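The values are calculated or read from the model by the stated rules, or taken from the named source; none is laboratory data. Given the structure is predicted, the values throughout are model-derived calculations rather than measurements. Quick reminder, even Gly has a Cβ in these numbers, built from the backbone with ideal geometry, and neighbours come from all protein chains shown. Please note that ligands, DNA and RNA were not included when accessible areas were found on the heavy atoms of the full protein model with its side chains. Shrake-Rupley method; radii C 1.70, N 1.55, O 1.52, S 1.80 Å.
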Amino acid sequence: MSIKCILVLFLISCFGSVNAQLISIFDARSLPDGSTVTVNGIVTSGIEFGTTRYMQDGTGGIAIFSSSLAAAGRGDNVTVTGVTVQYQNLLEITPVSSWNLNSSGNPLPPPVLATPNQLNENYESIFIQINDVTFTNPVGTFQGNTNYNFSANGQTGVVYIRSTNPLVGQSIPTSNITLYGICSQFGSQYQVLPRDM
């Protein structure tokens, strides 16, 4: 084998190990868009968000957009490698070049207590809880791909229901509730994505 071939194999090995180096989600979120990252965490959502999965570790959360993770669900511990991109200001990993299911049935991260005014980049892709939520127009049932305004403690926010969400067709609550969901973003608006009733 020539010196040139050995050098090429060495460089491929080095760059491959750099790209596969496991980092925290916080560090992945801090890198420039277009970075190849490998992160590990607990999946906090399932098919209710279509081909998007959200995952968290102890440092933050991130969205994964890939049909290859269709089998991944809540409580799965996964390791994902892919490229960071912004979609409507939501940081996602897509495309996904590889992923591995490490274990299933893990406890979910506890929800972070928040208010509507606190929904910002610090909470993006994090499982949150908002207390004393009242829907602005609690008439009829939830429809798919629709925003719903709510208020809590004198502040206002938005819930978004995807067409794949099991809440579609369920009655909109007419009394105060505790809202659990993923903090997401679309354009300039932060949204709460509830997962089920």
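List of remarks:
- FRET efficiency for the T178 to F26 pair, using the beta carbon distance and R₀ = 25 Å, is estimated at 0.40.
- Placing dummy labels 7 Å off each Cα toward the beta-carbon, the span from S104 to Y87 is 2.4 nm.
- Across the range 107-120, coupling constants 3J(HN,Hα) worked out from phi with the 6.51/-1.76/1.60 Karplus curve, θ = phi - 60°, read x, 6, x, x, x, 8, 5, 9, 10, x, 5, 8, 6, 8 Hz, and Gly and Pro carry x.
- Over 22 Å [Cα-Cα, the chain], rounded percent: 50
- Taking 17 Å as the cut-off, the amide N atoms of the range 168-197 that come nearer than this to a point 7 Å along the Cα-to-beta-carbon line of Q143 belong to 168-173.
- Its alpha carbons considered, the range 57-104 gives a radius of gyration followed by a Dmax of 10.8, 31 Å.
- Relative contact order (%) - criterion: Cα under 8 Å, at least six apart; region: the range 137-176: 48
- Cα long-axis angle, helix 3-19 against the chain (0 to 90 degrees, to the nearest 10): 20
- In sequence order, calculated HN-Hα J values of the range 158-173 (Karplus, 6.51, -1.76, 1.60; Hz; x Gly/Pro): 10, 9, 10, 10, 6, 5, 8, 7, x, 6, 4, x, 7, 5, 6, x
- ³J(HN,Hα), Karplus 6.51/-1.76/1.60, whole Hz, each residue of the range 83-89, x for Gly, Pro: 10, 7, 9, 9, 10, 6, 6
- Zone of Q118's modelled label, taken as backbone nitrogen in the range 40-64 under 17 Å from a point 7 Å along Cα→Cβ: 59-61
- The stretch between Q129 and Q170 holds 12.7 nm of extra length on full extension. This uses 0.36 nm per residue minus the Cα-Cα distance.
- Relative contact order for the chain, counting Cα pairs under 8 Å that sit 6 or more residues apart, in percent: 17
- Average accessible surface for the chain: 50 Å² per residue, computed with a 1.4 Å probe over protein heavy atoms with every protein chain in place.
- Computed over the Cα atoms of the range 116-178, the ratio of the radius of gyration to the Kirkwood radius (Rg/Rh) comes to 0.96.
- The residues D57, D132, sorted by heavy-atom accessible surface at 1.4 Å with ligands and nucleic acids left out, run D132, D57 from largest to smallest.
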